[in-house]
Structures are given as structure tokens and as C-alpha cells.
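First comes the structure, then the notes that go with it.
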């Protein structure tokens, strides 16, 4: 229920039908709309496979596109999520520091057999002191400084208004793919920074509520499982 509520609210927010107001109750300025290629740059990613990654040890972490599809939440905090390391024997010397992930970057999965999943995206909000790379079948997008509030773009790219644009730009038959060149054509609504902050905090609060309910549900299921086992031992 809350997931459906969130989807509906996101549609209303990012289409401009639901607007926030400032503290005195006045509306924020009208939104600007610009192409993604005007407000962000695209960085180089690597092609490390699963065989090049591990969860035990290393100095550098790496985002695999499969984890974007199946594991990671929209807003990625390395303090809260488990991200694999690049195997120690794999050299990253050819990767420029400019292409290391930074807080505020977006990482998109550039391909999927399901058109609905192509371009699925995460925003990085905390690297937790690690060097992080964007890996196989990903696109690394770096927004211009001082234009976007933390979390806004992550939620925006999960919204229907952006998802439909990405699906329109995607190419391929059996496997759909999106390229940086075509992503540059995506139209990005840009509210004021203060309104972006309210949007990001509001949607983050919904996510926190969803997570709390899921945690409670898991505990209830475990309690029920233990109760049944005790009854029939």
C-alpha cells in the first residue's frame, strides 16, 4: 500500500501537480526544465565482471549493474548497503581519479531484457570513506555543482516522468539499452534548491516508513515461524 502511495505521490510531485511551499506559505518559483546533457557530465566506467569482485576484502568497491536491478535502493549509502570489492589482484591504475564515483553521482544500469528496467538508477549519498567505481553495463552521471539537492535526482529518475523518457530513448529488440548520447536528450525538471530539499526529505521519510513496516513484518513472520515450530515439536 505505501509503495503504491509513494508511486502516486511521486507522479504528482514530478509532474508539477503537487507543489511545496516555503515557511511563510508562499509558493516556490516556477520550475526550470533543461536537458540532462546541459546539467551533467558523463564519466568513464569499467567492465569488471562478477568474477573480478568479492565481498570479503579489498580497497576499492564496485557497482555491478545487476545489483542496481535487484538489490540497491534508489538512494545508496555505503554505510548501510553491502557493495562488493574489486579483487586485490585487479589493477585500477588505468582508471583516472576523475572517474571515481563521487557523492551526488547517478549510476544507471544501461541494459535490460525488460524495457521497464532499462536505465534503472541509484544516487550516491555516502561513500563511507571508500573508493567506489561504476562497473559493467553502467553509466556514470555527474551533475553540475550547486544545482541539485542530495537525493532529488535519485527520486526523480525513479519517477514515471523520467522512466518513460528513458524507455522512449532506449534501443534494441531482445535486450533494451540506453547510451549516454541518448540520455543527454532527457528533459529534467529543476525546482529551486529549497523545494528540491523538501521533495527529497518527504520521499525519504516515506522510504523510512516503508522500511520500518517491512522490518516489523519480518519480525512478526519470524515470531510466527518460531511459535509454529514450538507447537509441533
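Tabulated values for the structure
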| read-out | value |
| --- | --- |
| Distance in nm between pseudo-label sites at residue 51 and residue 102 (7 Å out along the Cβ direction from Cα) | 3.5 nm |
| Choice from 18, 108, 127 showing the highest fluctuation, given a GNM over the chain with Cα pairs closer than 10 Å | 18 |
| GNM top mover of 146, 110, 77 - the chain, alpha-carbon springs below 10 Å | 146 |
| Backbone N within segment 136-168 under 19 Å of label point (7 Å from residue 4 Cα along the Cβ vector) | 160 |
| Exposure proxy order (Cβ contacts within 10 Å, fewest to most) of 42, 72, 157 | 42, 72, 157 |
| Calculated Kirkwood radius over Cα pairs in Å (choose from [x] 18.7; [y] 18.0; [z] 19.3), label | [z] |
| Residue among 75, 13, 213 with the largest mean-square fluctuation in a Gaussian network model of the chain, springs linking Cα atoms under 10 Å | 213 |
| Residue 171-residue 224 pseudo-label distance in nm [points 7 Å out on the Cα-to-Cβ vector] | 4.9 nm |
| Residues 28, 65, 5, 55 arranged by fewest to most Cβ contacts within 10 Å | 55, 5, 28, 65 |
| Ranked 95, 199, criterion: other C-beta atoms within 10 Å, fewest first | 95, 199 |
| Computed helical MRE - 222 nm, the chain, DSSP H runs ≥ 4 contributing -39500 (n - 2.57), nearest 500 | -11000 deg cm²/dmol |
| Average Cα contact separation per residue, segment 2-231, under 8 Å, 6 or more apart, as relative contact order % | 27 percent |
| Rounded Å value of the spacing that divides the Cα centres of segment 127-154 and segment 65-113 | 9 Å |
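Coordinate-derived values only; no laboratory data. This is a predicted model, so every value here is computed, not measured. When we count neighbours, we look across all protein chains shown, and the Cβ atoms used for this are built from the backbone with ideal geometry, even at glycine.
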